Every structure is written in C-alpha cells, then in structure tokens.
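For reference, the structure is listed below as structure tokens.
The values are calculated or read from the model by the stated rules, or taken from the named source; none is laboratory data. The structure displayed is predicted, hence computed values, not measured ones. Every residue, glycine among them, receives a Cβ derived from its backbone with ideal geometry; neighbour counts consider all protein chains shown. Heads up: the accessible areas ignore ligands, DNA and RNA and are worked out on the full protein's heavy atoms, side chains in. Shrake-Rupley method; radii C 1.70, N 1.55, O 1.52, S 1.80 Å.
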Amino acid sequence: MKFPNGQQIIEEFEKWSPKYLAMEDDPVGLHVGTLNKKIERVLVTLDVNEAVVDEAIEKGASLIIAHHPPIYRPLKNLQTDFPQGRLMEKLIKHDIAVYAAHTNLDVAQGGVNDLLADALGLQDTSVMVQTYEAELVKIAVFVPESHEDQVREALGKAGAGAIGDYEFCSYTLSGTGRFRPTQGADPFIGEAGKMEKTAESKIEVVIRKQEKDRAIKAMIAAHPYEEVAYDVFTLENKELPMGLGRVGTLETAMSLEDFAEFVKERLDVPAVRVVGDFTKPVRKVAVLGGDGNKYITAAKRAGADVYVTGDLYFHVAQDAEAIGLAVVDPGHHVEKVMIQGVVDYMAQHSGLNCTFLASETNTEPFRFK
C-alpha cells in the first residue's frame, strides 16, 4: 500500500488553509521534524503538549497538525531538563513532525470561525474583520478535445475554479487549433514540417494569483502537448473578503441568559463568563475563536447584540459593557472544534491514502467547580 509523503499532505491542506492567510508574524508552518517521509497516520490536535505526543506515539502518527504553534517565540535554548526541551526531544526521537496552522485556519473558509458559527447555528454569516482580499487571475488553456476532461480535472484538483461555495468551475469553448511542428519536435498530433489542424477546446478557470503557479504546473503535467499554449489574465474583480471572526443571526431571538446556556451546550463547555443584562434579547451574534479582546468595537460596528470570544480581559469587559455590547466568553479551548473539522475536511477532500485521527487528549488547562 502506497502512503503519501508529508509534503503531499501539507500541499493538500494548504489548498484549504494557505499560509499567506495568516496574520503578520504568526509562526505557521512546519515547526519540528521533516515532511520528507512517508506518512500513514496524522494526528490532529488543538495544542501540542507531552500528553498529545504520547498519544501520537501510541497511535503510530508520524505527523501532528496543530492549531496552536508549539514554538510561538524563538527558543533561547533547548534544555531537556525542562518541559519544552523534553517535548522537543520526544518528538525528534520518535520522528514525529509538527505542522501548525494558526490564524490562517481561523481566516480560511470553513476554518475555525466558520466551524464555531456553524456550531452556534448562525445564518447568513459574513466576515467580521477583513484581513485579506485575493487578487484573481484567469487561466485559459487550449487542449485537444480528447484530453479536455483530464486537464479540467487537474486544474480543479489544484484549486482552480473555486468560486465562493463552488469548486471545479470552468468554461469551455470549442474551436480549431492550427500549428506546424518544426524539425526536432515530437508532436502529440501531426508530423514535423506539415501544417496541422485539430479540434481543440479552450478551458477557462479563475484562481487566486498566489496559487496560479501550482495550477499551471498541474495543468501542464496533465496536458498531452509537448508545448502547451495558455494565457493568464489579471482580473479586476476580487474574491469575497476573508478575515477573522464571523457575524450571523440566530434562527430565533433569545435572552442573553438563555443564549449563555445555549453556548455552553453547543460549544461543549462547563461554564461561560457573561457581560451584559441577562434579560437583553439577542439575535445577531459575532463570534471569534481564541483571544478576541482587540475586536469588541468591530463586533459592535457589525451590529452584533452579543460577541462570543475567549480570554476576555477585565477592563475590556468593562469597555464592552460601556458600549452596550453583551459578551459571552466560553474560553480559548472552544477552538477544539478545529480537530474534527480538519479530520473531516482532509478525509473528504485530500484524496490521500492516509488516516487522519482526531486527538482524544484534553488540553484545556482550567478546571471548573
């Protein structure tokens, strides 16, 4: 049975959550080990601690995909008498690579914030804080009709033709291609020195500018011609805005007190902290996974009745109260929704012969009484 190498796995993952979506100075990417090896099992986790590494060893996982980077700031030393050094030593000794997808997975469509919004049943969601807007290009390639399906498939698998909630979008025109192979050519159709014409299709697809090289490489690999004729056009229209947080509406309004209980149930937490009048009706909800202290004014400007986020500071809570914004803080650990989210996405979309495992280790440091 042939297993993919780590580079193939991360290449597929980054079609969904590319590193360029990450916030500035966010240390996303490979943190420990090498991707240049065959991988049968991948463990997906929110955090990387020693218990998670022990779980990876027990389950035979040689790659960990984590949301929180294990090395967030540069290390001054790697002493194995201390917890972080001991953690790194164990990873290296057992040849386990660690890859982190942090704010890029927050921003990605279908990523952490969309998973949280879905868990809360939010409808008609939009981005709360725009951080990225992709430049788009159109690739137009000419291919013999006999091979148009395989070229179109290769482009789609490389991420071309993704428009909003749709993928593999393309447009095809039929026509006649004319060419004359020169001496030394090895034509798929025709003979050297003779004018040739053949039925061809022109396939057009749209893709983010940052991803065009990958799509072109896949297109050429699938194309039968020795020399592939294609054009790349810069488009003035932009992709839908991408960014942190989501804003949407509940199916029915409820009191802030009932909503706090609803959050506990839907996000599977034992307790929440609440700012605001429990009797206040809430319908429009802003949600941002992790530490959302910086964005209370963004949530208010978006028209949210209540803001769901973690790690709320005392004075920020007072500021939210002052501007009339209710807040429900379920803690940072609710980002655990990404574990099953990543497992499901990669199992459904990667097409790779490896197993993605959801970590069963609880990395929540707080206990509630």
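Farthest toward the dipole's positive end in the chain, which of Ile96, Val282, Tyr345, given Cβ charges of +1 (Lys, Arg) and -1 (Asp, Glu) about the Cα centre?
Positive-most Cα among the choices belongs to Ile96.
For n ≥ 4 DSSP H runs only, could you compute -39500 (n - 2.57) per run for the chain, divide by its residues and tell me the 222 nm figure to the nearest 500?
-8000 deg cm²/dmol
Based only on Cα atoms, what Rg/Rh ratio does the stretch 174-222 have, Rh being taken as Kirkwood's radius?
That ratio is 1.10, to two decimals.
Compute the projected area of the convex hull of the Cα atoms of the stretch 1-139, averaged over all viewing directions, and report it in nm² to one decimal place. Please list the in-between numbers first.
Details: hull surface 46.4 nm².
That works out to 11.6 nm², a quarter of the Cα hull's surface.
Probe radius 1.4 Å, ligands and nucleic acids ignored: give me the carbon and sulfur share of the accessible area of the stretch 259-310 as a rounded percent.
Values: 1200 of 2410 Å².
Of the solvent-accessible surface of the stretch 259-310, carbon and sulfur hold 50 percent.
So what are the three principal axis dimensions of the stretch 276-315 from its Cα atoms, in whole Å, longest to shortest?
25, 20, 16
Would you calculate the convex hull of the Cα atoms in the stretch 23-92 and tell me its volume per residue in Å³?
96
P(r) for the stretch 1-54, please, calculated from all Cα pair distances in 10 Å bins and given in %.
The calculated distribution, bin by bin, is 19, 48, 31, 3, 0.
For the chain, what does the accessible surface come to per residue with a 1.4 Å probe? Please give it in Å².
Computed with neighbouring chains in place, this is 52 Å² per residue.
Once phi is turned into ³J(HN,Hα) by the Karplus curve 6.51 cos²θ - 1.76 cosθ + 1.60 with θ = phi - 60°, what whole-Hz value does each residue of the stretch 24-36 show in order, with x for glycine and proline?
For the stretch 24-36, the Karplus-derived couplings read 4, 6, 7, x, 8, x, 6, 9, 9, x, 10, 9, 8 Hz, x marking Gly and Pro.
Going by amide H atoms built from the backbone, whose H comes under 5 Å of the H on Leu357, apart from near neighbours?
Val42, Leu43, Val44
Bin by bin, in steps of 10 Å, what percent of the Cα pairs in the stretch 171-267 do you find, going until the bin that has the longest distance?
10, 26, 19, 12, 12, 9, 7, 3, 0
Out of all Cα-Cα pairs in the stretch 76-166, roughly what percent, to the nearest whole number, are more than 22 Å apart?
Counting every Cα pair in the stretch 76-166, those more than 22 Å apart make up 61 percent.
For the stretch 289-369, what is one quarter of the convex hull surface built on the Cα atoms, given in nm²?
7.6
Looking at the stretch 65-110, which trypsin sites (Lys or Arg not before Pro) are DSSP coil and have at most 10 other C-beta atoms within 10 Å of their C-beta? Provide the component values of the computation, followed by the final result.
Details: sites: Lys76, Arg86, Lys90, Lys93; in loops: Lys76.
For trypsin sites (Lys or Arg not before Pro) across the stretch 65-110 that sit outside H, G, I, E and B with at most 10 neighbouring Cβ atoms in 10 Å, the list reads Lys76.
Quick one: Karplus J couplings for the stretch 361-369, per residue in order, coefficients 6.51, -1.76, 1.60, θ = phi - 60°, nearest Hz, x for Gly and Pro?
My calculation for the stretch 361-369 gives 7, 7, 9, 5, x, 8, 10, 10, 10 Hz in order.
Considering the convex hull of the alpha carbon atoms of the stretch 199-243, report its projected area averaged over all viewing directions, in nm², one decimal.
Details: hull surface 17.3 nm².
In nm², the orientation-averaged hull projection of the stretch 199-243 is 4.3.
Ignoring ligands, DNA and RNA, please state the percent of accessible area on the stretch 159-233 from carbon and sulfur, probe 1.4 Å.
Heavy-atom surface of the stretch 159-233 belonging to carbon and sulfur, 1.4 Å probe: 49 percent.
Among Ala286, Ala317, Ala229, which one shows the highest mean-square fluctuation when the chain is modelled as a Gaussian network with alpha-carbon springs under 10 Å?
Largest GNM mean-square fluctuation: Ala229.
For the stretch 1-115, with all protein chains present and a 1.4 Å probe, just round the carbon and sulfur fraction of the accessible area to a whole percent. Spell out each step's value before the answer.
Details: 2570 of 5320 Å².
About 48 percent, which is the carbon plus sulfur part of the accessible surface.
Taking amide H atoms as placed 1.01 Å from N in the peptide plane, list the residues 5 or more away in sequence, or in a different chain, whose amide H sits under 5 Å from that of Val28.
Sorted by chain and number, the residues that satisfy this come to none at all.
Of all the C-alpha pairs in the chain, what % are more than 41 Å from each other? Intermediate values should be presented prior to the final figure.
Working: 17210 of 67896 pairs.
In whole percent, the long-distance tail amounts to 25.
What ³J(HN,Hα) values, in whole Hz, does the Karplus curve 6.51 cos²θ - 1.76 cosθ + 1.60 give for the stretch 127-143 when θ = phi - 60°, with x put for Gly and Pro?
Each residue's phi maps through the Karplus curve to give 6, 7, 10, 5, 10, 7, 9, 6, 6, 10, 10, 10, 9, 10, 10, 9, 9 Hz.
State, as an integer percentage, the relative contact order of the chain based on alpha-carbon contacts under 8 Å between residues 6 or more apart.
Averaging sequence separation for qualifying contacts and normalising by length gives 20 percent for the chain.
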